[in-house]
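The values are calculated or read from the model by the stated rules, or taken from the named source; none is laboratory data. Everything numeric in this text was worked out from a predicted model, so none of it was measured. Ideal geometry is used to build each Cβ from the backbone, glycine not excepted, and the neighbour counts take in all protein chains shown. Surface areas here come from the heavy atoms of the whole protein model, side chains and all, with no ligands, DNA or RNA. Shrake-Rupley method; radii C 1.70, N 1.55, O 1.52, S 1.80 Å.
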Amino acid sequence: MNSDQAKSGYTFTAESLRKKFRFSEFFAEKLITSVAFLSIAVIILIFFFVFRESLPAFKHRPKGTTEENRVSAGNKPESYGSNESAEALQKPETYTGAEPAAAVNKPETYGEVKDTSVSADEVNPDAKFRTSESPDSEGSLSSLFSNEWFPVSENPRYGLIPLFVGTLKVTLIAMLFAAPIAILAALFSSAFAPAWLREWIKPAIELLAGFPSVVIGFFALMVMATFFQNVFGYETRLNSFVGGAAMALAAIPIIFTITEDALTAVPRTYTEASLALGASKWQTAVFVILPAATPGIFAAVLLGIGRVFGETMIALMATGNAALSSLNPFESVRTLAATIGAEMAEVVFGDMHYGVLFLIGSILFIFNFTLNALAEFYVKVRLVRKIQGRGA
Amino acid sequence: MKEAKIVTRDLTLHYGLKMALNSINLHIPEKEVTAFIGPSGCGKSTFLRCLNRMNDLIPSVHIKGEILIDGLDIYQKKIDVVNLRKKIGMVFQKSNPFAKSIFENVAYGPKINGISDKKKLTEIVESSLKNAAIWDEVKDRMHDSALGLSGGQQQRLCIARTLAVEPEIILMDEPASALDPISTGKIEELIFELKKKYTIVIVTHNMQQAARVSDHTAFFYLGELIEFGKTRKIFTAPDIKQTEEYITGRFG
């Protein structure tokens, strides 16, 4: 049979059509797959690490040890090296997580670090007034729900509520500024601007996305704070309003870019159909293009929220960093991210404060996950159905 | 021939430097169906889009000459394009319902014209869908997405959407070219019904379709109007040889 084929000059022979092993393609495919899995694995590992480090916050520790180490927290981090009483401290590599069991199971060993410095008050002036309170119930889980964030007081309290209030307040203010401005700008750019102008606007705003947040923070600190104070006449110069407005500057380019892409991706046939029905340009943009782009716009706003929620530098520089849980936008606030940013470098490794900071990290993590999940499963389905009809 | 609804005088159109229509003179009669035939790129769609000034959207287009509808030049400076398009409906080659529910699709036109009364809107939507012969298929799913309909249903929905604005003229740009024969048949029946009330201009690649639905036929070639006349005459005894060759399939 085979020889017949060869003789008669067929082109469809088993020989010419034999399966080939394409090594480079096989290799490239495996490489891409492993890179993808690696990145997922890294994210999972980070989350695992952050969450594990936050576990000490849930543990009741013997009193005395928990209280004393608080004092050392902010002031002499270098004392890690000189106090060699604890076994973990003799092995600096435990910081890298090489011996996680030690960190989780024996956090109390770190507590034996004794520092004579009492200048913790500089870090939190309020501590002066709280020096002699009963130590029990402090430093425990219950204080997480209190209204006071005094992590380096002699009598530390880790109330997360003011941090939550502050973060949500700043996020809300930032989104109230950023979302309308960015969406309207995107609508203008995609539906009304002449082509030459659009070619300028889009890259210009996208360039803003690469602006270092420390520069925005600086600008807010020096310029915006003064300007808003002159306009509104509030007392505290740095507050959630200034911080929110500054973070809006960081969020606008993100929301703008994605919204603009979503609006541009709306098929041209929609525009034509609407105009042919006698709709004006404005009616077409608002009643046809905008609703058709809802999922994209929603994703844009979510990304903006994620950006603001996790923004650290602007929060540190422009919000005043006082952990107050007031609803007044012109009061100083301390955000979750700024708290980590400000305190993590000065905290005692493995201690309650350390654990709480990591807990905050986990919360930021979980919040973003929840936000995205919410968007995916609830809002996308419900909102899109409402605007675009069932089964869209 | 009935009275002409649309008259064009020396209509010439350029895309940039390229001439797409050369001095078209045409009388489109009222409440009849006029079909434009011709090979791809001959300018028939471009001409159709001149009639409701959709070409205004393309910056490089320059138009000379006149288009008179009921004797009024629609390219005058004083004409409001938005109001003009309310009187001239258009159905596109590719069905393009909005990403909204079926009801909202049809109600969109009346809504932007300021009708907000729910009862009135429902009436308009129902009668438009009935006139577009799609009511029975969608009456139980008015609030489902229009994108879930089949291609033929979507196209009839687009026709219903056009009817809801109560135009006088309906322009159809190859309305059935992407549809199967059954859906095409339904659209053709629909056109036959609609011409009692509306002046219809249809661009088609399908010669049989032109022969079936139209009263008058215009043959375009390379931006020129070659021949215009009663459909029966164009398809049986055209005056010009080019027309005959195109219709019998010898070129184009």
Close pairs from segment A:334-358: first at positive phi, partner in a helix (DSSP H, G or I) and open to solvent by less than 20 Å² (accessible area, probe 1.4 Å), Cβ under 7 Å, at least 6 apart: A:Gly350/A:Pro56; A:Gly350/A:Ala103; A:Gly350/A:Pro107; A:Gly350/A:Tyr110
Conditions (1) more than 30 Å from B:Gly38 (Cβ to Cβ); (2) more than 12 Å from chain A (Cβ to nearest Cβ); (3) open to solvent by 10 Å² or more (accessible area, probe 1.4 Å): number failed by B:Lys186: (1)
Some residue of segment B:50-71 being more than 20 Å from B:Ile191 (Cβ to Cβ), basic (Lys, Arg) and either buried (at least 17 other Cβ atoms within 10 Å of the Cβ) or within 14 Å of chain A (Cβ to nearest Cβ) (or both): yes
Close pairs (6 angstrom Cβ cut-off, 6 or more residues apart or separate chains): within 13 Å of chain A (Cβ to nearest Cβ) in segment B:74-85, in a helix (DSSP H, G or I) and at pLDDT 90 or above anywhere: B:Arg85/A:Ala276
Cross-chain or 6+ apart pairs with Cβ under 9 Å, segment B:1-23 first and closer than 12 Å to B:Ile63 by Cβ, then among the aromatic types (Phe, Trp, Tyr) and not in a strand (DSSP E or B): B:Thr8/B:Phe47; B:Leu11/B:Phe47; B:Leu13/B:Phe47; B:Ala20/B:Phe47; B:Leu21/B:Phe47
Residues located in segment A:248-262, provided they are open to solvent by less than 10 Å² (accessible area, probe 1.4 Å) and either of a type in the set (A, V, I, L, M) or closer than 29 Å to B:Phe92 by Cα (or both): A:Ala248, A:Ala250, A:Ala251, A:Ile255, A:Thr259, A:Glu260
Helices (runs of 4 or more DSSP H) wholly inside segment B:150-220 containing at least 2 residues that are touching a strand residue (DSSP E or B) at 6+ places or on another chain (Cβ under 8 Å) and more than 23 Å from B:Lys139 (Cα to Cα): B:207-213
Options A:Val223, A:Val242: the member that is more than 14 Å from every other protein chain (Cβ to nearest Cβ) and open to solvent by 60 Å² or more (accessible area, probe 1.4 Å): A:Val223
Which numbered condition A:Thr319 misses (of (1) surrounded by fewer than 23 Cβ atoms within 10 Å (Cβ to Cβ); (2) in contact (Cβ under 8 Å) with a residue 12 or more places away in the chain): (1)
Failed criterion for A:Ile181 (all others in (1) open to solvent by 40 Å² or more (accessible area, probe 1.4 Å); (2) closer than 24 Å to A:Val288 by Cα; (3) not in a helix (DSSP H, G or I) hold): (3)
Candidates B:Thr217, B:Thr199, B:Thr236 - the one that is open to solvent by less than 60 Å² (accessible area, probe 1.4 Å) and over 13 Å from the mean Cα position of the chain (by Cα): B:Thr217
Residues that are in contact with a strand residue (DSSP E or B) (Cβ under 9 Å, 6 or more places away or on another chain) and open to solvent by 10 Å² or more (accessible area, probe 1.4 Å), drawn from segment B:21-40: B:Asn22, B:Ser23, B:Asn25, B:His27, B:Glu30, B:Lys31, B:Glu32, B:Pro39
Residue in segment B:113-133 that is buried (at least 16 other Cβ atoms within 10 Å of the Cβ) and assigned to a strand (DSSP E or B) present: no
Residue pairs meeting the criteria (Cβ under 6 Å; at least 6 apart or on separate chains; first within 7 Å of chain B (Cβ to nearest Cβ) and farther than 14 Å from A:Phe192 by Cα, in segment A:263-285; second open to solvent by less than 40 Å² (accessible area, probe 1.4 Å) and among the charged types (D, E, K, R)): A:Ala276/B:Arg85; A:Gly278/B:Arg85
